[in-house]
1. Would you confirm, using the coordinates I've provided, whether residue 74 is surrounded by 14 or more Cβ atoms within 10 Å (Cβ to Cβ), over 22 Å from residue 120 (Cβ atoms) and either assigned by TED's automatic domain parsing to the domain that holds residue 122 or modelled with pLDDT under 95 (or both)?
2. Just to be sure, is residue 72 outside any strand (DSSP E or B) and farther than 19 Å from residue 34 by Cα?
3. So, in the range 75-96, how many residues would count as being in a loop (DSSP other than H, G, I, E, B) and farther than 14 Å from residue 44 by Cβ?
4. Within the range 119-142, is there a residue that is closer than 30 Å to residue 45 by Cα, part of a loop (DSSP other than H, G, I, E, B) and without any contact (Cβ under 8 Å) to a residue 24 or more places away in the chain?
5. What are the pairs, 6+ residues apart or on separate chains, where a residue within the range 61-86 that is on the phi > 0 side of the Ramachandran plot has its Cβ under 7 Å from a residue that is surrounded by 12 or more Cβ atoms within 10 Å (Cβ to Cβ)?
6. In the list 107, 102, 112, which residue meets the criterion of being touching a strand residue (DSSP E or B) at 6+ places or on another chain (Cβ under 9 Å), free of Cβ contacts under 8 Å to residues at least 60 places away in the same chain and surrounded by fewer than 17 Cβ atoms within 10 Å (Cβ to Cβ)?
């Protein structure tokens, strides 16, 4: 493949540059870095609080006391509490750097609206956990080994889910 003469050469000979299409032809799935879940407190409506409580088999009042931030004076909306620097529903894998959302299958609309993208600072920070970064052209860049590990992980996520985390 020819490279345009105005493109800078990679700093290291083993440095690989790939577009998302090269890495995985579909859109970037959630790759479970958890950065977005540490940066934002999710706002939920009363109806969502009721749905979450029902899924967790608890009364609404108990859910609000245990899982919402008491500093938010909400009556029709609430903020999910943060615990240990992240959403209370985020579990960190031991020694893996990966995270799991305990309520992913019935997560609130704010979480459903979040779409991973290489333009998002949170996703860029998450890619750093893989030894990868996004260059000024929006391409994911890293060593062949790191890119290969990340590609395999994304394929594993897609296989397990049968679809993109949306």
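The values are calculated or read from the model by the stated rules, or taken from the named source; none is laboratory data. Since this is a predicted model, take the numbers as computed values, not measurements. Here the Cβ positions follow ideal geometry from the backbone for every residue, glycine too, while neighbour counts run over all protein chains shown.
1. In short, yes.
2. yes
3. 6
4. Looking for residues that are closer than 30 Å to residue 45 by Cα, part of a loop (DSSP other than H, G, I, E, B) and without any contact (Cβ under 8 Å) to a residue 24 or more places away in the chain, one finds at least one in the range 119-142, hence yes.
5. Between residues of the range 61-86 that are on the phi > 0 side of the Ramachandran plot and residues that are surrounded by 12 or more Cβ atoms within 10 Å (Cβ to Cβ), the close pairs are 85/38.
6. 102
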